[in-house]
Amino acid sequence: MKVLFTGGSSFTGYWFAKQLAAGGHDVVALFRRQPHEYGDALRRTRVEAVAQFCRPVFGVSFGDGKFLELINSSNWDLLCHHAADVTNYRSADFDVAAAVQNNTFRLPLVLDSLGQAGCSKIIVTGSVFEHDEGCGSEGLEAFSPYGLSKGLTWQIFRHYTQARYMTLGKFVIPNPFGPYEEARFTHYLLKNWFAGGTPAVNTPAYVRDNIHVSLLAKAYVDFANRLSAEISRINPSGYIESQGAFAQRLAGEMRKRLGLKCELELKIQTDFSEPKIRINTDVPDIQSLQWNEAEAWDDFAAYYAELLNPQSSIVNIRGT
């Protein structure tokens, strides 16, 4: 398929675009900025990497003139709309209206242009932290204004694609982790372990759905290949367990690969401002996806060994 892909500079976007290309698809990846304009080194690294296996187009935003010109310049089989406005996404002051406007800018015109270019299939990336998404406790409210913006974006896409009889799919992301990830939970743990520390897990009672990003990417491509009116949504799931149990799982896998103590301090959780349980529901068929769990852990360990301890004698974790 010829795929138009937005959001390739993100952690999951990098992996999805890479796996689409590995699956034999012709991927054109769109970026809002020029490579040197990305502020952090990690994102620039991902952008440079994506450009090695996709055709990159820089300085284009969803729905703008350059975006429409690109659609009109060729025939397309699939639009993967993975990009989303994430400016201050953790803030309670996140601008929901502005984010939704950016995510769906001139959507009717975009869809009409895609139709004229032969494209009738679209995948929109969702999040388990949207309202009415996933499975969990205490209702299914949006975790944050950002989550609300994602849910509203989906509703707008659904409305306008239905009116045009286009096939719309939703790929719902839980908690991915892996190489080239942002400095969040697993990065925090590895950074402390390499420094000889004992990281604290402050919210060990939350039940979440952590998934290897390599498995998530394979599930994404499989979904894209099978997208139809009958197969139009997937909520891929990984390790469904408490954050304390997941941290212990991660420690065990890293301990035997990196030779580190990987000690943990599981705090008594007192803050339950988020729902206790929020998970996805579709267990990937790892055999049909040809995914190897041990190799994923090997790659994860090797990535952090190089990132956090470049003088380490560990060069290739696999097979040791």
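The values are calculated or read from the model by the stated rules, or taken from the named source; none is laboratory data. All values derive from a computational prediction rather than experimental measurement. Heads up, the Cβs are rebuilt from the backbone with ideal geometry, glycines too, and the neighbour counts pull from every protein chain shown. We work out accessible area using only protein heavy atoms, side chains counted, and drop any ligands, DNA or RNA first. Shrake-Rupley method; radii C 1.70, N 1.55, O 1.52, S 1.80 Å.
For the chain, relative contact order (Cα pairs under 8 Å, six or more residues apart, normalised by length) works out to 16 percent.
Output the antiparallel fraction of DSSP beta bridges having both residues in the chain, as a percent to the nearest 5. Intermediate values should be presented prior to the final figure.
Working: 6 of 38 bridges.
Just about 15 percent of them are antiparallel.
Report Rg/Rh for the chain, rounded to two decimals, where Rg is the Cα radius of gyration and Rh the Kirkwood radius.
Working: Rg = 19.8 Å, Rh = 20.6 Å.
That ratio equals 0.96.
Start at zero, step by 10 Å, and the Cα-Cα distances of the range 20-89 spread as 16, 51, 30, 3 percent across the bins. In plain terms, the C-alpha convex hull of the range 175-263 casts an average shadow of 6.6 nm² when viewed from every direction. Averaging 1/r over every pair of different alpha carbons in the range 219-289 and inverting the result gives a Kirkwood radius of 15.5 Å.
Among 89-99, 189-199, how do they line up from the highest to the lowest mean number of other beta-carbon atoms within 10 Å? Don't skip to the answer; put the middle values down first.
Details: 89-99: 13.5, 189-199: 16.7.
Ranked by mean Cβ neighbours within 10 Å, highest first: 189-199, 89-99.
Angle between the Cα long axis of helix 41-53 and the longest principal axis of the chain, 0 to 90 degrees, nearest 10? Rounded to the nearest ten degrees, it is 60.
Within the accessible area of the range 77-197, the carbon and sulfur atoms contribute 50%, probe 1.4 Å, all protein chains present.
Nearest 10 degrees is fine. How inclined is helix 293-308 to the longest principal axis of the chain, computing both from alpha carbons? Roughly 80 degrees between the two axes. Relative to the longest principal axis of the Cα atoms of the chain, the long axis of helix 185-194 lies at roughly 40 degrees. Heavy-atom accessible surface of the chain, averaged per residue, reaches 46 Å², computed with a 1.4 Å probe.
Summary value for the range 1-134: 27 percent relative contact order, contacts being C-alpha pairs under 8 angstrom separated by 6+ residues.
Convex hull volume of the Cα atoms in the range 190-320, per residue, in Å³? List each step's numbers first, then the result.
Details: hull volume 16.0 nm³, N = 131.
Value for the range 190-320: 123 Å³ per residue.
Taking all Cα pairs closer than 8 Å and separated by 6 or more residues, the relative contact order of the range 61-136 comes to 47 percent.
Taking the helices alone, the chain has a mean residue ellipticity at 222 nm of -12500 deg cm²/dmol, built from -39,500 (n - 2.57) per DSSP H run of at least 4 residues and averaged over all its residues. Computed log10 I(q)/I(0) for the range 1-127 at 0.15 Å⁻¹: -0.68, from the Debye equation with unit scatterers placed on every C-alpha and solvent omitted.
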